[in-house]
Amino acid sequence: MGDAQSVDTQEIVAKYRRGWPVNSFLSQLTTRTLREFLTKGRIIQFSNNETLIDENLAETSVFLLLSACVKVTARLDQGGHALLAVRVGGDMVGELAAMDGGSRSATVKACGRDPVVAAVLTQSDFVSLLSRYPEAAMTLNTAIGRKLRSATRRRIDYSGCTPRVRLARALVELAEDYGHQQIPASQVLVAINLTQLELGTLVGVAEVTAQRALRELRKDGLINTSGRRPIIRDINALRVAAHLAP
């Protein structure tokens with residue numbers, strides 16, 4: 001596991017909070033509650049590709065992500081890994097095992113050039129804090145609900161949408177959750193390194209199918225995937241391509 005650091009909750013809140021998405025778990029906690037959670041945690045730094053959580057292990061710690069981003073993956077029966085989700089600073093990972101005591105359902109690894117900084121809480125401390133701060137428990141329920149809705153939408157997409165529409169919807173979701181607006185304002189940078197294979201597994205298609213769908217979206221002038229970080233060239237037009245309301 002990464003390197004542990006001492007905790008100065010006031011400094012941590014001042015340093016990281018501004019960069020969290022407004023609908024993330026940590027962003028929605030009051031400053032007092034957030035500092036209580038951080039006080040109970042160990043601040044640990046993870047380098048690129050270092051593992052925070054390993055699939056199937058009987059381990060129940062909760063990771064409050066303070067910076068950078070992680071990829072959530074699951075092993076495939078035929079080998080390799082499927083990208084299930086991406087999480088960034090302000091998000092939380094590992095809460096399901098802490099809530100039900102089960103084994104890990106996925107692997108979580110640090111990704112990107114910047115190190116991941118996380119506050120790691122034991123299961124007992126996490127559950128105790130939720131009982132002491134009901135608003136945090138409600139915020140947790142909301143966060144889990146958003147994850148379940150996203151997973152449900154993706155399962156519906158698998159059976160009823162073309163690969164092009166699936167990828168367009170996934171890119172819209174990534175842009176809304178983790179995007180940075182560019183100039184002109186219609187452009188959005190998805191600030192996460194993603195390969196075409198990862199984008200394919202995210203929407204349940206083979207790499208060659210993902211490449212073909214991305215090529216169609218590029219040809220229509222909707223995206224730029226020349227780098228590892230996708231750029232949405234026209235977010236409203238991409239929403240139309242995804243059969244979503246502008």
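Expressed as a fraction of 2.2 N^0.38 Å, the C-alpha radius of gyration for the chain is 1.02.
Based on Cα atoms of segment 161-241, Rg over Rh with Rh as the Kirkwood radius reads 0.92. Coordinate range of the alpha-carbon atoms in segment 103-241 per principal axis, descending: 53, 35, 25 Å. Cα centroids of segment 94-123 and segment 144-171: how far apart, whole angstrom? Distance between centres, Cα-based: 23 Å. Here the relative contact order of segment 161-241, from alpha carbon pairs under 8 Å that lie six or more residues apart, stands at 36 percent. To the nearest ten degrees, helix 163-178 and the longest principal axis of the Cα atoms of the chain are 40 degrees apart.
Which pairs break 26 Å Cα to Cα here: 15/109; 15/71; 71/219?
Exceeds cut-off: 71/219.
The modelled label-to-label distance between residue 150 and residue 128, using points 7 Å beyond Cα along the C-beta direction, is 3.0 nm.
The angle between the Cα long axis of helix 207-219 and the longest principal axis of the Cα atoms of the chain comes to about 70 degrees, rounded to the nearest 10. Which stretch or stretches of segment 142-186 have amide N atoms under 20 Å from the point lying 7 Å from residue 195's Cα along the Cα→Cβ direction? Output list for this probe position: 167, 171. Could you state the angle between the C-alpha long axis of helix 31-40 and the longest principal axis of the C-alpha atoms of the chain, as a value from 0 to 90 degrees rounded to the nearest 10? Helix 31-40 sits at roughly 70 degrees to that axis.
Pairwise inverse Cα distances across segment 14-136, averaged and inverted, put the Kirkwood hydrodynamic radius at 14.7 Å.
Every read-out reported here was derived from the displayed coordinates using simple, explicitly stated rules and does not represent laboratory data. Because the structure is predicted, anything quoted here is derived from the model rather than measured. FYI the Cβ positions are ideal-geometry reconstructions off the backbone, even for glycines, and counts take in every protein chain you see.
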